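Structure first, commentary second.
The values are calculated or read from the model by the stated rules, or taken from the named source; none is laboratory data. Just so we're clear, the structure is a prediction, and the values are computed from it rather than from any experiment. We place every Cβ from the backbone using ideal geometry, glycine too, and count neighbours over all the protein chains shown.
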Amino acid sequence: MKKDIITIRNLKKEDIFQILNLARELEENPQPNLLQGKIVSTLFFEPSTRTRLSFISAAQKLGALVHGFDSKEGTSAKKGETLADTIKMAEAYSDLIVIRHFSEGAAKLASSISKKPVINAGDGANQHPTQTLLDLYTIQKEKGKLDNLKIAFVGDLKYGRTIHSLAQAMKLFGATMYFVSPESLKMPSYIIQELDDANIAYHITKSLTETIPKVDIVYMTRVQRERFPDIEEYNKIKDVYIINKEKVEGKCKPDMIIMHPLPRVKEISKDLDEAPYARYFQQAANGVPVRQALLALLLNKKGGN
Amino acid sequence: MMNIKIKPIQNGTVIDHLPSQLIFKIAQILDLPKSQHVIIVAGNLSSKKMGKKGMIKIEGTFLNKKELDKISLLAEMASVNIIKNGKRVEKFKLNIPKTLNNLAACSNIRCITNMEDESLDSKLLLETGKDGKKYYRCFYCEKLVEIADIKIK
């Protein structure tokens, strides 16, 4: 059966471990010819820097060819072509489709049309499963395990798809979660419901400083001004959800790590970039081996000759 | 409450045990205002089970699955009687459908099924939560839709 990566909700623990193990294998033993002769389509209807470049890099490191576009402009979608028609075309031209789209459910639509495997590289505010997998890879690499960790999610928990997917994934590993956000950007109720159903312990709080000493991981996100109808409300809270050396040093667990899906703006002070806690740039770099593993698995090349 | 006798029909459908406040809404979604048949819409009838109930009788009309599915989303407790030659030949309870194919829009405005240019049918799948509560999940965007919030197309 054709495999796709559309949502983290469909992945079981053993699927995740299979992906992470293969990512490690490919990172340690590069296989430049594994996907020789394969063509990967990257259909990015919405701009992206890290995700698109790391997919291209991952495909090329395995010897695949890549074609595609990086915005809706200049494509036939601009002329009114339906996504379904664009997918049929990409299916005919390539062996695997990577899609990012502004509409939620777009990747699922693509996977139900295409006979070739589809990877969701982000569908609106819904899912971004490859980001979650690279987050898990980073956590496993840095902490030596995924089970029973304490993780704080900080900032915009309402609109951040990265946050939603990672919380859904960490649920499988019995994490204790801290949701640190202003009232207007709190975690959506459907995620809370899923955590309740899975009997997961979580804490909802407005205080970052009180949370920092308790956790193994602080996962930061950007609080965007445009999310606030009222500029005064934004000004009131914007500094509360910033992390810096002062808030961390001598207060956190010595092996605490800070992650961020990037791009960061001010929410992580530059004075932390060289601190032992910072992992956000490694996290971004981990996108390449994880996406290599996904391409290899979906194209039925498990690696290891 | 007054006990009145509602005239029987000869051939057609009786939808019984409706919540009284929903009778006009159900008549609307079944497009009854446009029907040329005899229609009886009754509310606030006394009922042993429900206290008060509503009922709709439609002469000369047998509802299809899609119409029954629509009623079940609004009034899961309703029962349907099929009348032929003045006699009830069939009676059944409604079941909430497992899949809603283009019957109700996804409530997420950013869902691909709500993008006009894509002209894509909506598809909602029934799920049951741990607490036994039923709800629908969009096949495409995964968002949950409460049955009470379903907007029938």
Given the structure, is A:Ala92 of a type outside the set (Phe, Trp, Tyr), at negative phi, in contact (Cβ under 8 Å) with a residue 60 or more places away in the chain and more than 14 Å from chain B (Cβ to nearest Cβ)? no
Pull up region A:71-89, narrow it to residues that are in contact with a strand residue (DSSP E or B) (Cβ under 8 Å, 6 or more places away or on another chain) and surrounded by fewer than 19 Cβ atoms within 10 Å (Cβ to Cβ), then point me to the one that is nearest to the other protein chains (Cβ to nearest Cβ). A:Thr75
Say whether the condition of being over 21 Å from B:Cys111 (Cα atoms), β-branched (Val, Ile, Thr) and surrounded by fewer than 16 Cβ atoms within 10 Å (Cβ to Cβ) is met by at least one residue in region A:45-60. yes
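Checking the structure you have, find out if any residue of region A:61-70 is within 21 Å of A:Lys301 (Cα to Cα) and within 11 Å of another protein chain (Cβ to nearest Cβ). Show your work before the answer.
As a first pass, look at region A:61-70 and keep what is within 21 Å of A:Lys301 (Cα to Cα): A:61-67.
Imposing the further condition that a residue be within 11 Å of another protein chain (Cβ to nearest Cβ) reduces the set to none.
No, the conditions are met nowhere in region A:61-70.
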Could you please tell me which pairs satisfy a Cβ distance under 6 Å, a separation of 6+ or placement on different chains, a first residue in region A:244-271 that is in a strand (DSSP E or B), and a second residue that is among the basic types (Lys, Arg)? A:Ile257/A:Arg279; A:Met259/A:Arg279
Every residue from region B:1-24 that is surrounded by 16 or more Cβ atoms within 10 Å (Cβ to Cβ) and in a helix (DSSP H, G or I): B:Ser20, B:Leu22, B:Ile23
In region A:119-223, which helices (runs of 4 or more DSSP H) lie fully inside it and hold 1 or more residues that are modelled with pLDDT under 95 and either away from chain B (no Cβ under 14 Å) or surrounded by fewer than 18 Cβ atoms within 10 Å (Cβ to Cβ) (or both)? A:161-170, A:189-197
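Yes/no matrix, rows are residues, columns are (1) under 20 Å from A:Gln127 (Cβ atoms); (2) at pLDDT 95 or above:
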site	(1), (2)
A:Glu25	no, yes
A:Glu28	no, yes
A:Thr42	yes, yes
A:Phe55	yes, yes
A:Ala58	yes, yes
A:Leu62	no, yes
A:Lys72	yes, no
A:Met89	no, yes
A:Leu96	yes, yes
Against the conditions (1) of a type in the set (S, T, N, Q); (2) within 11 Å of another protein chain (Cβ to nearest Cβ); (3) under 22 Å from A:Asp196 (Cβ atoms), where does B:Ser107 fall short? Just the number, please. (2)
Would you mind listing the strands (runs of 3 or more DSSP E) fully within region B:40-110 where at least 2 residues are at pLDDT 95 or above, more than 17 Å from B:Ile152 (Cβ to Cβ) and in contact with a helix residue (DSSP H, G or I) (Cβ under 8 Å, 6 or more places away or on another chain)? B:51-59
